[in-house]
Structure formats: C-alpha cells, structure tokens
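S.K.: Encoded as structure tokens, here's the structure I'll be asking about.
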Amino acid sequence: MSSPFPRRRTLLKLAAAAGLAPAGLAPVIGRAQGIGRVVVIGGGFGGATCARVLKKLQPILNVTLVEPSKVFTSCPFSNEVIAGQRDIKQQQFGYDAIARDGVVVAQTSATSVDPTQHRVTLADGNTLAYDRLVIAPGIDIDWKALPGYDEAAAEKMPHAWKAGDQTLLLRRQLEAMEDGGVVVISAPANPYRCPPAPYERASQIAWYLKTKKPRSKVLLLDAKDSFSQQRLFQNAWSELYPAMIEWVSLSQGGNVTSVEPATRTFVTDFDKHRGDVANVVPPQKAAVITMKAGVADRTGWCPVEPVTFESTLQPGIHVLGDAALMGAMPKAAFAANAQAKVCAAAIVARLAGREPQEPRLINTCYNLVAPDYGFTIAGVYRPDKGQLLEVPGAGGASPVDGDRTLRAQEAHYAEGWFAATTAEVWG
Ligand SMILES: Cc1cc2nc3c(=O)[nH]c(=O)nc-3n(C[C@H](O)[C@H](O)[C@H](O)COP(=O)(O)OP(=O)(O)OC[C@H]3O[C@@H](n4cnc5c(N)ncnc54)[C@H](O)[C@@H]3O)c2cc1C
C-alpha cells in the first residue's frame, strides 16, 4: 500500500485550505488529495489526548476534534470538590493549546455517523469526512435502568458522575444539610466509570462531615459484594472515620431497585432508606453517539480489538476510553489517556501502510480518602485472546499495612498525576 502522505509544502497549503463548510453548500470538508483525515469525537481524557498525539506523531494529518463544551470539567478530583477541598475551576481546561497544535477544534456535538460513507454529521449542520474516526465520548447515564431515576430525579438526587453542575449541586446539598443528617450513596453493579470512585466519594464526604458535621453519617448501598481496593478503603474508614461510614453489600440487601425522588428514598430488596442528602451513582452505558455510529452492542458498550481499538462492528472506527469494552482495563482517565496514545500510533501506522505494534498499557487508579491519605492500584495490560488482559504479577496495590507517611506520599503522587496528565492533554 502506498503512503497517503504527499509532499510537505503541498500538504501545508491543502491543510490551510481545509475548514468547516455548511452541508449542502460545499463538499464535505477535509478531503484534500490524499491527506489523512482523522475525526475525533469527544474532547475528554481519551479524545483530546488522541487528537493531540495524532498531530504530534504526523503533523501533516488533518485532525478535527469534535467537542460541544468550550471547557472540559474533569471527574478525577471532583470528589474533592464535593468535599470542599478544591474549587471547580481547578477541574476545568480549555482547548486553545490543542488548537495551537494544529488540531481543528469543532465546538459542537456529533449527531450521527455514516460508517459506509465515512461521514460525521454535526449539530451545527456541518459534515466531516474521515479516513479514520475515533469515538471517545465517555458515558451516558442509563436513564431506563433504575426505576424512578430520570433527569428530573437527578436534580433532587444528584449523580455527580459527569463533573460540572451535578458536582456543585451535591456540594450545595451537603453544605445545606443539618449536622446529624444521613448521606445515602448508591453504587451500581459493574461495569461503570471508575470502579473505586463511589468509595473514594464516601470517604471524601466522611472527611467533610467529620470536620464540619460530626454527628452525621454516610450509608453506602452497594449492588456488589466486593469492590476495588476494599481492604485499603475499609482500613482507612476504621482509622479515619470510625462508625461514620456504613457499607451495605449486595448480599446484605444493598442493591437499590428503585428510587423515590420526592422523599430522597432508595428502595432495596428488603428495605427503604431515606437520605437527607441522596447521591445515586446510576447504571451507565457508552454515550449515545456510539449507538448512532453502530459501534455499541447489546451490552450498551463498544467491543474493540485490542491492538488498535478498532471497532469489531464498524471497520475504520476506533473507540476508546470509558465507552469501549477494554477487557480487564478499568474505565479510568489514566486508562483512556494511555489507550489514546496507542490508538493514535496505530492510526498513523495504518495510514502509512504499516502494521501497528502490539501495545502494553498501564493504568493506575489513585484514591484519596483524606487530603493527606492516598493509595493506589496499578495494572499492566496486553492483547491476549482478542482482548486486553492483565499481565500477571506486573501490577499491584499499595500495602494494606502501609504507614501514614506512605499514605501522605501517595496522596502527593495523586496530585502529581493529575497535574501532569491534564497539562499533557490540555496545557
Ligand atoms: C467521581 C469520579 C472520580 C474519578 N476519578 C478518577 C481518577 O482519580 N483517576 C482516573 O483515572 N479516572 C477517574 N475517573 C474516571 C474518568 O473520569 C473517566 O474514566 C474518563 O473521563 C474517561 O475518559 P473518556 O475520554 O472516555 O470520557 P470523558 O473524559 O468523559 O470525555 C468524553 C467527552 O466526549 C464529549 N462527547 C460526548 N458525546 C459527544 C458527541 N456526540 N459529540 C462530541 N463530543 C461528545 C463529552 O462532552 C466529553 O467532553 C473518575 C470518575 C468519576 C465519576
């Protein structure tokens, strides 16, 4: 296969000529004699990384990033916003640096994808043609999965699982709660965005209550019998917040079957629990554009092959981050960032007629249970039997008997990871 990359000077002219044009008035944008055109849907941890890395690896590529928000609000560290330790502004990042790198940033949503014609339709009426499409739109709440829980209910019982207004709503509700109140949190069955985050949230809320409303409690209703880094969390709860957090597992009746927003009530198999503050972490699925592109299957998530993250349902479309089924790799920003780099390298290889290299990916999940108390779990993943499997013995978690110096160091590393990653993606 010959390279699709013509000589650099011609390309620069062609690239300069490429821009957004209203559908129907002009041909679909971006096709300029052999320039590789990559469209990336979603400017979060996965998509923004991928767009930027594509342009760095192959500057002559025509890369368009489609993202409706002018400012991205990060979920990592949003539990600390809820606890009052951080300002929401510290979570927010714009796209100017990415645009300066030569990525065309289309500030709008993708509304449909035609995988046969290789076209993406945008909410502003434009159409983008692509040689390769990357879809990294994150999650949507599955509004049909939990009876009683819809968009109106989320205004009373916030999920705060997409950072922004929901994060601030939960924060305000905690501030308004009387001392002695009960905060009820429900955690869903797997899979969902960031497996340890409900437990980090319970810890962060307990930290706030301990410092401001010490007669209050957290009740954590769980649709699972075990959770990520359970011993580390539970040891920390006994040490920092004794008798303040009660965890009710699936077999103890923790599975929430419906909610009653008018009274902030969680209905379980055996009981009803009314919260003074009610935080529902609801069931989730890949964001809706994945359905429209035909890359999501009946599970609600997107199957991909594990070397390039190309959809197993639609050739030419890659899916990464939370929306994708990534085998053993958890849905995490660290993971999405790593997958994005692998995907960008694979796309550049494919467009140049080369075979992509088999990747090794790393993920690390940091958890902060108090400002100076953190721990981690890390894993290494490689393609095996058609999916990403964990390399045995290559990862590991913080020691359960680690002392407070180690916990304070790990809290510091968590902040370092966030600063370094967000600077790499948006800075
Ligand atoms: C409370 C909480 C704490 C967390 N803490 C951590 C942590 O400490 N470490 C960690 O690694 N992970 C953490 N996560 C998980 C992390 O937020 C996600 O795994 C990560 O954001 C996934 O990246 P993504 O690119 O797949 O999706 P996102 O980062 O959500 O980005 C998706 C983007 O796509 C855009 N989009 C959606 N649909 C369209 C469309 N049709 N057209 C155009 N754009 C679209 C959205 O606007 C969004 O900007 C946490 C999550 C939560 C909820």
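S.K.: Taking the stretch 150-182, which residues are more than 15 Å from the ligand (Cβ to nearest atom) and touching a helix residue (DSSP H, G or I) at 6+ places or on another chain (Cβ under 6 Å)?
M.R.: ALA153, LYS156, MET157
S.K.: Another one. Which residues, counting only those in the stretch 261-295, are outside any loop (DSSP other than H, G, I, E, B) and either touching a His at 6+ places or on another chain (Cβ under 9 Å) or within 30 Å of LEU122 (Cβ to Cβ) (or both)?
M.R.: THR265, PHE266, VAL267, ASN279, VAL280, GLN284, LYS285, ALA286, ILE289, THR290, MET291, LYS292 - these are the residues of the stretch 261-295 that are outside any loop (DSSP other than H, G, I, E, B) and either touching a His at 6+ places or on another chain (Cβ under 9 Å) or within 30 Å of LEU122 (Cβ to Cβ) (or both).
S.K.: Quick one: which residue in ALA397, ALA408 is in contact with a strand residue (DSSP E or B) (Cβ under 6 Å, 6 or more places away or on another chain), modelled with pLDDT of 95 or more and more than 23 Å from GLY46 (Cβ to Cβ)?
M.R.: Within the list ALA397, ALA408, the selection yields ALA397.
S.K.: Starting from the stretch 224-237, keep only residues that are without any contact (Cβ under 8 Å) to a residue 24 or more places away in the chain, then list their pairs with residues that are open to solvent by 20 Å² or more (accessible area, probe 1.4 Å) whose Cβ atoms are within a distance under 8 Å, requiring at least 6 positions of separation or different chains.
M.R.: Cβ pairs passing all conditions: GLN234/TRP247.
S.K.: Please go through the stretch 282-323 and pick out each residue that is among the polar types (S, T, N, Q) and either touching a Leu at 6+ places or on another chain (Cβ under 8 Å) or touching a residue at least 12 places away in the same chain (Cβ under 8 Å) (or both).
M.R.: Result: GLN284, THR290, THR299, THR308, SER311, GLN314.
S.K.: Can you name the residue in the stretch 70-88 that is more than 8 Å from the ligand (Cβ to nearest atom) and among the small types (Gly, Ala, Ser) and is also farthest from ARG201 (Cα to Cα) among such residues?
M.R.: GLY84
S.K.: For the stretch 116-134, give me the residue count where each residue is open to solvent by 40 Å² or more (accessible area, probe 1.4 Å) and at positive phi.
M.R.: Looking only at that region, the number is 1.
S.K.: In the stretch 324-358, how many residues are within 9 Å of the ligand (Cβ to nearest atom) and either free of Cβ contacts under 8 Å to residues at least 24 places away in the same chain or part of a helix (DSSP H, G or I) (or both)?
M.R.: Residues that pass the stated criteria total 7.
S.K.: Can you confirm whether LEU133 is touching a His at 6+ places or on another chain (Cβ under 8 Å), part of a strand (DSSP E or B), touching a residue at least 60 places away in the same chain (Cβ under 8 Å) and within 16 Å of the ligand (Cβ to nearest atom)?
M.R.: Taking the combined requirement at face value, the residue satisfies it.
S.K.: Residue under question is GLU67, and the condition is that it be within 10 Å of the ligand (Cβ to nearest atom), within 30 Å of LEU368 (Cα to Cα) and touching a Lys or Arg at 6+ places or on another chain (Cβ under 6 Å); does it hold?
M.R.: The answer is no for GLU67.
S.K.: Also: Of the numbered conditions (1) away from the ligand (no atom under 15 Å from the Cβ); (2) assigned to a helix (DSSP H, G or I); (3) of a type in the set (D, E, K, R), ARG298 satisfies every one except a single condition; which is it?
M.R.: Failing condition for ARG298: (2).
S.K.: What strands (runs of 3 or more DSSP E) lie completely within the stretch 42-100 and have 3 or more residues being surrounded by fewer than 24 Cβ atoms within 10 Å (Cβ to Cβ)?
M.R.: Counting at least 3 such residues, we get 71-73, 92-94.
S.K.: While we're on this one: Any idea which of ASP101, ASP124 is more than 12 Å from the ligand (Cβ to nearest atom), more than 17 Å from the chain's Cα centre (by Cα) and closer than 30 Å to GLU310 by Cα?
M.R.: Unique residue meeting the criteria: ASP101.
S.K.: Identify all residues within the stretch 183-210 that are aromatic (Phe, Trp, Tyr) and either within 11 Å of the ligand (Cβ to nearest atom) or without any contact (Cβ under 8 Å) to a residue 24 or more places away in the chain (or both); write none if there are none.
M.R.: Of everything in the stretch 183-210, those that are aromatic (Phe, Trp, Tyr) and either within 11 Å of the ligand (Cβ to nearest atom) or without any contact (Cβ under 8 Å) to a residue 24 or more places away in the chain (or both) turn out to be TYR192, TYR199.
S.K.: Among the residues of the stretch 302-323, how many are open to solvent by 10 Å² or more (accessible area, probe 1.4 Å) and in a loop (DSSP other than H, G, I, E, B)?
M.R.: Of the residues in that region, 7 qualify.
S.K.: Would you mention how many residues in the stretch 365-401 are small (Gly, Ala, Ser) and exposed (fewer than 15 other Cβ atoms within 10 Å of the Cβ)?
M.R.: The total comes to 4.
S.K.: Specify the residue that is surrounded by the fewest Cβ atoms within 10 Å (Cβ to Cβ); the eligible residues are those in the stretch 264-296 that are closer than 14 Å to ALA223 by Cβ and among the β-branched types (Val, Ile, Thr).
M.R.: Checking each candidate, the answer is VAL267.
S.K.: Follow-up question, since we're still on this one. Between residues in the stretch 150-179 that are at negative phi and residues that are modelled with pLDDT under 95 and assigned to a helix (DSSP H, G or I), which pairs lie under 6 Å by C-beta distance while being six or more apart or on different chains?
M.R.: As it stands, the answer is none, since no pair meets every condition given.
The values are calculated or read from the model by the stated rules, or taken from the named source; none is laboratory data. The structure presented is a predicted model; accordingly, all values stated were derived computationally and were not measured. All Cβ positions, even for glycine, are placed from backbone atoms using ideal geometry, and neighbour counts span all protein chains on display. Side chains are part of the model used for accessible areas, which takes the heavy atoms of the whole protein and leaves out ligands, DNA and RNA. Shrake-Rupley method; radii C 1.70, N 1.55, O 1.52, S 1.80 Å.
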